[in-house]
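The values are calculated or read from the model by the stated rules, or taken from the named source; none is laboratory data. Small disclaimer: the values here were computed from a predicted structure and weren't measured. Glycine also receives a Cβ, built like all others from the backbone with ideal geometry; neighbour counts cover every protein chain displayed.
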Amino acid sequence: MRKYKKKSRQALATVEVINRIKPLNNTASNLFVELMEYFTMTQKKVFGFDAPPVHDPTTVAYLIDPTIIETKPMYVEIETSSELTYGRTVCDYYGTTGKEPNALVAIKLDFDKFWNLVYDTLKLY
């Protein structure tokens with residue numbers, strides 16, 4: 001069975017990322033560091049992950065600079081009738097349904113470019 005992996009798990013607030021932002025020492029960066037240190041602890045405790053993902057900022061980053069995220073046209077549906085997968089977003093990655101793509105789906109994040117954008121934004125505060 002192939003394990004499902006959210007692409008936004010590519011945007012991990014690693015220890016290196018947190019330590020890079022910490023010296024900015026302003027209101028926004030201090031809040032970021034405090035939150036990411038807390039989420040690092042809870043992600044490790046609950047899921048066994050070493051670093052927390054930051055899902056929503058990837059969307060904002062894409063709107064600012066679309067080159068940060070590689071996308072692929074796919075047919076996408078939200079499952080609304082299954083008891084097992086109700087609410088799941090189903091993406092036809094390989095085009096097996098033969099249906100026309102109706103969405104651009106993020107498939108790869110430029111990690112360094114993304115975190116440089118976050119860093120440059122946080123240093124403005």
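Here is how the numbers come out for the structure above:
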item: The lone exception for GLY98 - which of (1) in contact with a Gly (Cβ under 7 Å, 6 or more places away or on another chain); (2) on the phi > 0 side of the Ramachandran plot it fails; result: (1)
item: Considering residues of segment 10-33 that are under 16 Å from the mean Cα position of the chain (by Cα) and outside any helix (DSSP H, G or I) only, the residue nearest to LYS108 (Cα to Cα); result: ALA11
item: Single residue of THR14, THR59, THR89 found to be under 19 Å from LYS123 (Cα atoms) and polar (S, T, N, Q); result: THR14
item: For CYS91: the one exception among (1) in contact with a helix residue (DSSP H, G or I) (Cβ under 7 Å, 6 or more places away or on another chain); (2) assigned to a strand (DSSP E or B); result: (1)
item: Lone qualifier among LEU104, LEU63, LEU117 - being of a type in the set (A, V, I, L, M, F, W, C), in a helix (DSSP H, G or I), surrounded by 13 or more Cβ atoms within 10 Å (Cβ to Cβ) and under 18 Å from the mean Cα position of the chain (by Cα); result: LEU117
item: Qualifying residue in segment 61-75 (condition: closer than 20 Å to ALA13 by Cβ and in contact with a Leu (Cβ under 6 Å, 6 or more places away or on another chain)); result: yes
item: Pair list, Cβ < 7 Å and 6+ apart or interchain, from segment 43-67 residues that are farther than 15 Å from TYR119 by Cα to residues that are aromatic (Phe, Trp, Tyr); result: GLN43/PHE49; PRO52/PHE39
item: Scope segment 66-79; condition of a type in the set (A, V, I, L, M, F, W, C) and loosely packed, with under 14 Cβ neighbours inside 10 Å; matching residues; result: ILE78
item: Candidates THR40, THR27, filtered to the one that is surrounded by 12 or more Cβ atoms within 10 Å (Cβ to Cβ) and at negative phi; result: THR40
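Each row is one residue, and each column tells you yes or no for (1) farther than 14 Å from ILE68 by Cα; (2) exposed (fewer than 14 other Cβ atoms within 10 Å of the Cβ); (3) touching a residue at least 24 places away in the same chain (Cβ under 8 Å); (4) out of contact with any Gly (no Cβ under 8 Å at 6 or more places or on another chain).
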| position | (1), (2), (3), (4) |
| --- | --- |
| LEU84 | yes, yes, no, yes |
| GLY87 | yes, yes, no, yes |
| VAL90 | yes, no, no, yes |
| TYR93 | yes, yes, no, yes |
| PHE111 | no, no, yes, yes |
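Residues are listed down the side, and each one gets a yes or a no for (1) charged (D, E, K, R); (2) at pLDDT 95 or above:
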{"residue": "LYS7", "(1), (2)": "yes, no"}
{"residue": "GLU16", "(1), (2)": "yes, yes"}
{"residue": "ILE21", "(1), (2)": "no, yes"}
{"residue": "ASN25", "(1), (2)": "no, yes"}
{"residue": "ALA28", "(1), (2)": "no, yes"}
{"residue": "PHE32", "(1), (2)": "no, yes"}
{"residue": "PRO53", "(1), (2)": "no, no"}
{"residue": "THR59", "(1), (2)": "no, no"}
{"residue": "ILE64", "(1), (2)": "no, yes"}
